[in-house]
Amino acid sequence: MTLADAMPSARTASWPMRIGWTVLAILCVSVAVFSARYLLNPPQTPAQALGNSFGVPWLFIHVAGSVVALALGSLQFIPRLRRGTNPPHRGTGRVYVIGCLVGALAGLVLAPGSSAGPIASVGFGGLALVWIAANILGWRAAVQGRLADHRRWMIRSWALTLAAVTLRIYLPMVMILDLPFVPWYRAISFLAWVPNLIAAELWLRRGAGRAEALGRSAKS
């Protein structure tokens, strides 16, 4: 059981919801492909990233884990992968979690070396810590058979994985609007993931409220 089981099925989801998840999947795969070029052609790595005193080899480890998480996390939305007695999404889900943990641990090493200073270090370091916690707690819940808790933690995990997407939405906006880069980069170190996590919590509360309402309706 993975985060995909907590999402609406292709038959029950509304068209706006289907379109939304499809757009997210396309963005994730696009960011994964875009980032993978650093692994295939290291000289293309941004100079400011290599300016991090921990950049080599941790930047490449971070990219490798995050690319796996982005690519496989997107595949978890495909209904066919959730069917059968031993659905493929169980295996891809395990690899997804490993990718998250590798990316997060490397990100935690990189955070103190941020060229934007301690505020950015706290922002990106906080992301890494929460990302690690969400995946470990989700994996533990699955092993213990607490599948409802597992789904909730993996939704949080996916929201944190999407920080790679939101980061790449904010950065071009800063450049297009000609805003001062360093102050905004510090803000983005939090904006890239905190709103995502809040959105996930609101989604979970909405789902819990809907389930509770259905339960009361069934009893009446």
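Each reported figure results from applying straightforward, stated rules to the coordinates on display, with no laboratory input. All figures in this text were calculated on a predicted structure; none of them were measured in a lab. Please note: Cβ atoms are built from the backbone with ideal geometry, for glycine as well, and neighbour counts cover all protein chains shown.
Structure values in brief
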{"item": "Ranked list, fewest to most other Cβ atoms within 10 Å of each Cβ, for ASP149, ASP178", "result": "ASP178, ASP149"}
{"item": "Contour minus Cα-Cα distance for LEU129 and VAL56 (0.36 nm per residue)", "result": "24.2 nm"}
{"item": "Proxy reagent accessibility, fewest Cβ within 10 Å first, across CYS100, CYS28", "result": "CYS28, CYS100"}
